[in-house]
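A quick write-up on the structure given underneath.
The values are calculated or read from the model by the stated rules, or taken from the named source; none is laboratory data. Note that this is a predicted model, so its numbers are computed, not measured. In this analysis, Cβ positions are derived from the backbone assuming ideal geometry, glycine residues included, and neighbour counts consider all displayed protein chains.
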Amino acid sequence: MEKDLIKTRKEGRIGWITLNRPEATNTFTIPFANQLDAALKQMESDPDVLVVVVDAAGKNFCTGIGLDQFPPRTQQEARDFLYQIDAFYGTLTRMKKVTIASVHGYALANGAGLAIGCDLTVAADTAVFGTTAINVGLICLGPAAPMIQSLGRKKVLEMVLTGDMISAAEAERLGLVNKVVPEQDLAAATLELANKLASKSPLALRNGKEGLNRLPDLPQQQALDVMDDIFSSLAATEDAVEGVAAFVGKRKPVWKNR
């Protein structure tokens, strides 16, 4: 039986997904990818979970697909392999719950894609990011998909085509990382952010993520109309009424998720 390559746990409204292949720098294999995708789907379907954190055991977050996973194969075999390995990208994109990557050490290739593909990213000051597959004759097109949502085309081309690595500070400057903290403070800073989000209205979080995800693909006037539609549906909920009443009454709101 395959060991727990991905571990999960829950703490209140926060679900934790831990990459657990530290002896191999948390590199991707088919079983690892399948367990990661299943864990994301499990957290998405859990009604008790509001925020999902992805972190990693060992010295590094994830250094991509294991090089031992690239024996000679046909194009169709390679395609079938990549469709399984990269399934988590689609799952992350479809998730309605907020995801946070907590990154330390190296986040390279698919590891960078996972870190950047989460909604928010907290990184240790010692973290290093890179789309490095070109250095072994491959190319990081999977990781480029979430990167291009945050970066301009020229910078994504530079990172993917050179394979150069960047520091956590540079990743924050570029908008790939939300917050950089001393490595010893990473767990606490991640938990603080997760708790802050978990204290918000579940409906407001879900509607907010949906609206922000849809904005880039819409013309300005249509975007405004769609955002008003999402806001108005939220404003008609019990939780919206409760949130306003709690603020006016100077008390903590009690969310009912309806």
Practice task
Could you tell me whether any residue of the stretch 181-189 is more than 17 Å from Phe61 (Cα to Cα), touching a residue at least 24 places away in the same chain (Cβ under 8 Å), out of contact with any Gly (no Cβ under 8 Å at 6 or more places or on another chain) and not in a helix (DSSP H, G or I)?
Solution key: no
Practice task
Among residues belonging to the stretch 17-45 that are in a helix (DSSP H, G or I) and charged (D, E, K, R), point out the one that is surrounded by the fewest Cβ atoms within 10 Å (Cβ to Cβ).
Solution key: Glu23
Exercise for the section: Quick one: in the stretch 172-190, of everything that is of a type outside the set (D, E, K, R) and under 15 Å from the mean Cα position of the chain (by Cα), which residue is farthest from Gly117 (Cα to Cα)? Expected result: Thr190
Practice task
Would you check which residues across the stretch 223-258 are in contact with a Ser or Thr (Cβ under 7 Å, 6 or more places away or on another chain), outside the structural domain of Glu210 (by TED's automatic domain parsing) and either modelled with pLDDT under 85 or acidic (Asp, Glu) (or both) and list them?
Solution key: Arg258
Problem - Top-ranked residue of the stretch 67-94 - restricted to ones that are under 10 Å from the mean Cα position of the chain (by Cα) and among the hydrophobic types (A, V, I, L, M, F, W, C), ranked as surrounded by the fewest Cβ atoms within 10 Å (Cβ to Cβ) - result: Leu92
Exercise for the section: Test Leu215 against the criterion of being outside the structural domain of Cys118 (by TED's automatic domain parsing), under 30 Å from Asp55 (Cβ atoms), under 23 Å from the mean Cα position of the chain (by Cα) and surrounded by 12 or more Cβ atoms within 10 Å (Cβ to Cβ), and give yes or no. Expected result: yes
Practice task
Scan the stretch 59-73 for residues that are over 17 Å from Pro143 (Cβ atoms) and modelled with pLDDT of 95 or more and jot them down.
Solution key: Lys59
Handout entry: the stretch 212-258, residues that are assigned to a loop (DSSP other than H, G, I, E, B), without any contact (Cβ under 8 Å) to a residue 24 or more places away in the chain and of a type in the set (D, E, K, R)
Key = Lys250, Arg251, Lys252, Lys256
Problem - 3 or more residues under 20 Å from Asn20 (Cβ atoms): qualifying strands (runs of 3 or more DSSP E) within the stretch 67-146 - result: 98-103, 106-108, 120-124
Practice task
Mind listing whichever residues of the stretch 138-197 are closer than 22 Å to Ala87 by Cβ and among the small types (Gly, Ala, Ser)?
Solution key: Gly142, Ala144, Ala145, Ser150
